[in-house]
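Worksheet for the structure shown next.
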Amino acid sequence: MRWPMRGSWSPRARLTGALLTAGLFATVTAVQAGTPAAAALPCDPRITATRVSDVVTYATGPTVMAASVSASDACGDGTGGAAGIALVEMGLPDSEFFPVRRSSGTPTTGTWTSHLQFFRADLTGRTKLFLRVTDRDGRVASTVLSFHVRRNTLLTRNATPEPVAKGRDITVRGTLRRLTPTGRYVAYAGKPIDYLFRATGSSTAVRVGRSTTSRFGSFSASFPATQDGTWYARFPGTTNYAAGTSIGDFVNLR
């Protein structure tokens with residue numbers, strides 16, 4: 001069992017080879033609902049809702065992901081047993097089950113939440129969170145949730161010339177780097193880059209092209225300048241590395 005964070009029952013999530021190699025905004029998030037493996041009997045504990053989020057790790061500090069489960073147990077077993085949830089546990093592929101504190105509600109109908117920590121050296125990809133709910137009669141409900149752990153990427157761009165004559169080419173260039181387990185950012189080669197343009201007065205950026213990064217992580221593409229607007233570069237992400245969009249670069253026509 002992992003040591004919990006101070007003030008919570010959260011384990012440090014050191015993921016192992018049990019991960020299936022695998023992108024939440026800032027930390028890119030994707031909420032997923034779990035389904036109990038089997039239909040519950042009338043007095044069995046019931047898992048009514050679950051929540052996990054995809055995780056992005058950074059060069060410094062942990063990324064904390066709140067995982068929660070809502071459950072209910074409204075009746076005893078009819079032989080003197082009491083209604084209510086006695087224990088909620090979670091487990092990761094490389095950890096034993098650990099107890100989770102109730103964050104709201106009552107033992108009869110409540111929500112239990114744990115704050116899991118992830119670090120840059122943790123393995124990336126798709127992994128699982130195991131949930132187990134035990135009521136006061138010893139009956140158990142369980143489910144399994146999936147989420148992704150990804151490392152951060154950095155994307156730079158520059159659109160030139162500024163300003164540009166109408167009909168002339170404008171070139172968008174930049175670099176893509178990825179975070180390593182040691183905390184360094186290195187060139188990310190052979191990855192797709194989308195080029196986006198948002199015309200002045202429009203609220204939507206439109207994809208106008210795609211290229212692939214060089215062995216140095218650099219990219220470049222040229223497009224005819226037809227109107228004022230803002231240029232962006234976007235990396236769509238992979239199973240192991242987070243997607244990202246550059247800050248916009250406004251270019252006006254002269």
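Quick note: the coordinates plus some simple rules give every number you see, no bench work behind them. Being a predicted model, the structure only gives us computed values, none of them experimental. So basically every Cβ, Gly included, is an ideal-geometry build from the backbone, and we count neighbours across all protein chains shown.
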Segment 124-254: proportion of alpha-carbon pairs further apart than 24 angstrom, %: 45 percent
Nitroxide proxy distance, nm - points 7 Å out along Cα→Cβ at ILE247 and THR204: 2.8 nm
In Hz, Karplus ³J(HN,Hα) per residue of segment 129-137 (6.51, -1.76, 1.60; θ = phi - 60°; x = Gly, Pro): 10, 9, 10, 9, 10, 10, 8, 5, 9
Estimated D of segment 178-245 in µm² per second, where Rh is the Kirkwood radius over Cα pairs and Stokes-Einstein applies at 20 °C, 1.002 mPa s: 160 µm²/s
Vicinal HN-Hα couplings computed from phi for segment 199-210 (Karplus, 6.51 cos²θ - 1.76 cosθ + 1.60; Hz; Gly/Pro x): 5, 4, x, 9, 9, 10, 8, 10, 6, 10, x, 8
Calculated from backbone phi, Karplus (6.51, -1.76, 1.60) coupling profile of segment 169-175 in Hz, x at Gly/Pro: 7, 10, 10, 10, 9, x, 9
Nearest-20 debye value, segment 74-180 charge dipole, Cβ charges on Lys, Arg, Asp, Glu: 800 debye
Under-5 Å amide H pairs with ARG210, H placed in peptide plane, nonlocal only: TYR195
Long-range amide H partners of SER103 with built H, under 5 Å: THR111, TRP112, THR113
Rg/Rh for segment 46-185, where both radii come from Cα atoms and Rh is the Kirkwood radius: 1.27
Net lengthening on full extension, VAL186/ARG215 (0.36 nm per residue, minus Cα-Cα): 9.4 nm
